[in-house]
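Reading through the structure tokens given below for one structure.
The values are calculated or read from the model by the stated rules, or taken from the named source; none is laboratory data. This one's a predicted model, so the numbers in the text were calculated from it and none came from an experiment. Reconstructed Cβ throughout: ideal geometry from the backbone, glycine too, with neighbour counts over all protein chains shown. Please note that ligands, DNA and RNA were not included when accessible areas were found on the heavy atoms of the full protein model with its side chains. Shrake-Rupley method; radii C 1.70, N 1.55, O 1.52, S 1.80 Å.
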Amino acid sequence: MANVGSIDRMLRAAGGVVLLVAPFLPPFADFFAAFGLWKFAVVAVGAILIATAAFRFCPAYRLVGISTCRMPAP
């Protein structure tokens, strides 16, 4: 059952791509070099955001009881 709406999905996908790629781009490499191995945690969060956008399901939303999907018309 989907619990991630369209706008939420687009924001997750865009943020995920930024977090997935930014640590490896030359302009940001120095900033993320200070993070050490934590930059891979940033990449993992980006991958999780992309996955939740692709599957339209967020386990954290399910635990809290949130849904950003519109309710289907009866």
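Selection of first residues in the stretch 1-13 that are open to solvent by 40 Å² or more (accessible area, probe 1.4 Å) and of second residues that are not in a helix (DSSP H, G or I), restricted to Cβ pairs under 7 Å at least 6 apart or on distinct chains, gives the following pairs, ordered by first then second residue: 2/56; 2/57; 2/69; 9/56. Of the residues making up the stretch 33-69, those that are among the β-branched types (Val, Ile, Thr) and surrounded by 11 or more Cβ atoms within 10 Å (Cβ to Cβ) are 42, 43, 45, 48, 50, 52, 66, 68.
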